[in-house]
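Single-structure report; data block below.
The values are calculated or read from the model by the stated rules, or taken from the named source; none is laboratory data. Bear in mind that the values here come from a model prediction, so they are computed numbers and not experimental data. FYI the Cβ positions are ideal-geometry reconstructions off the backbone, even for glycines, and counts take in every protein chain you see.
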Amino acid sequence: MGNSVGHRKHRNSAPQYPTPPSHIYAPPPHLSTPISAPPSHDGQFRAGMISLPYSHVDSTLRALAAQAEGFGRCAIGGLHGPLYHVTTSADDGPGSLRDGCRRKEPLWIVFEVSGTIHLSSYLSVSSYKTIDGRGQRIKLTGKGLRLKECEHVIICNLELEGGRGPDVDGIQIKPNSKHIWIDRCSLRDFDDGLIDITRESTDITISRCHFSQHDKTMLIGADPSHTGDRCMRVTIHHCFFDGTRQRHPRVRYAKVHLYNNYTRNWGIYAVCASVESQIFSQHNIYEAGQKKVAFKYLSEKAGDKEAEASGHIWSEGDMFITGTQAGLMRESLGVPTFHPSQHYTTWTVAPPSQDLKQLLQHCTGWQCVARPPDQPLPA
């Protein structure tokens with residue numbers, strides 16, 4: 001394993017704040033491998049070559065560790081733990097996913113079986129875990145994952161579908177969880193949210209995920225009375241929001257960086273800024289269906305304030321197509337008070353384009369990739 005904790009490959013350079021960026025952050029050719037999308041089902045689609053992040057993370061099993069872009073970049077998962085092999089699709093018991101997730105020591109969890117794991121209750125994930133679905137096709141149904149008061153968790157290459165019951169989310173991150181990376185997951189059809197991030201959970205990256213067949217997709221900050229959520233920071237990039245109705249995401253209090261996502265055919269809005277949120281939307285593609293306005297603002301009263309307030313959205317280089325209207329408020333048209341380069345210096349962002357749109361349709365969510373070989377950590 002050639003990547004140690006805290007080491008990241010620099011893919012691009014962001015401008016120094018407060019000067020707003022005026023160019024595309026293109027990764028140098030020697031640091032990023034161009035990837036092309038596969039053909040569509042009818043065989044007609046051929047994408048141009050577009051550089052995507054993480055082209056190196058499948059070289060070895062643990063190369064995922066500390067390689068996320070954005071706020072979740074420090075997540076190491078079970079880097080320093082042994083492999084735990086899931087050998088059964090049973091909900092619990094020896095060799096089950098639940099058994100591995102409840103253990104207290106660091107573990108890198110891999111699967112020796114493919115298929116559906118029906119969860120009868122939330123599956124709680126403890127700290128320093130990697131749930132690595134590469135090499136198999138694992139679908140979680142019934143209930144979802146719960147990340148509660150944990151840190152350093154990586155969830156990669158899973159399908160989550162058909163969660164039933166009140167307050168059942170696909171992935172629920174609360175309270176006080178941090179250093180989380182969710183990558184290449186497909187999420188659809190839960191009774192509540194697909195991903196909820198609340199109660200002072202922070203330093204989280206959601207990347208290359210596919211969201212579909214759902215209403216309230218992603219919530220960041222659950223209630224205006226929870227003023228402690230002002231600490232929350234989330235990055236969402238290279239995701240495909242595919243006909244989901246709303247919350248891509250809806251945000252209270254948090255700082256959120258959105259880049260190179262494709263959101264289409266929403267039912268109510270694309271992105272919503274509620275109380276005191278700060279959202280930086282950069283080079284995303286917004287393609288409306290019947291509801292044309294992408295950005296929505298909802299005013300709420302913070303628990304320690306007298307007056308109601310909404311949040312702020314700054315849009316840089318976004319593409320609005322099929323008659324989409326941005327809907328930006330006038331006060332969001334100036335120099336942003338939040339810029340991601342205040343918090344991290346590198347991230348991989350391409351121009352919004354038809355090629356990027358096609359690529360995100362085919363290369364997000366669960367992927368048929370082999371499990372990489374595990375190599376010993378350097379001394």
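Assorted remarks:
- Looking across 203, 189, 196, 169, one residue alone is within 29 Å of residue 52 (Cβ to Cβ), modelled with pLDDT of 95 or more and in a loop (DSSP other than H, G, I, E, B). It is 169.
- Lone qualifier among 114, 96 - being among the hydroxyl-bearing types (Ser, Thr, Tyr) and without any contact (Cβ under 8 Å) to a residue 24 or more places away in the chain: 96
- Looking only at segment 228-243, residues that are in contact with an Asp or Glu (Cβ under 9 Å, 6 or more places away or on another chain) and free of Cβ contacts under 8 Å to residues at least 40 places away in the same chain come to 4 in all.
- Residue pairs meeting the criteria (Cβ under 6 Å; at least 6 apart or on separate chains; first on the phi > 0 side of the Ramachandran plot, in segment 124-153; second among the charged types (D, E, K, R)): 135/371
- Count - residues of segment 154-169 that are at negative phi, in contact with a Phe, Trp or Tyr (Cβ under 9 Å, 6 or more places away or on another chain) and not charged (D, E, K, R): 7
- Odd one out for residue 221, checked against (1) surrounded by fewer than 22 Cβ atoms within 10 Å (Cβ to Cβ); (2) closer than 12 Å to residue 252 by Cα: (1)
- Selection within segment 296-332: residues that are surrounded by fewer than 13 Cβ atoms within 10 Å (Cβ to Cβ) and within 23 Å of residue 268 (Cα to Cα). The member of this set that is modelled with the lowest pLDDT is 331.
- Residue list for segment 335-357, restricted to those being under 19 Å from the mean Cα position of the chain (by Cα) and not in a loop (DSSP other than H, G, I, E, B): 340, 341, 356, 357
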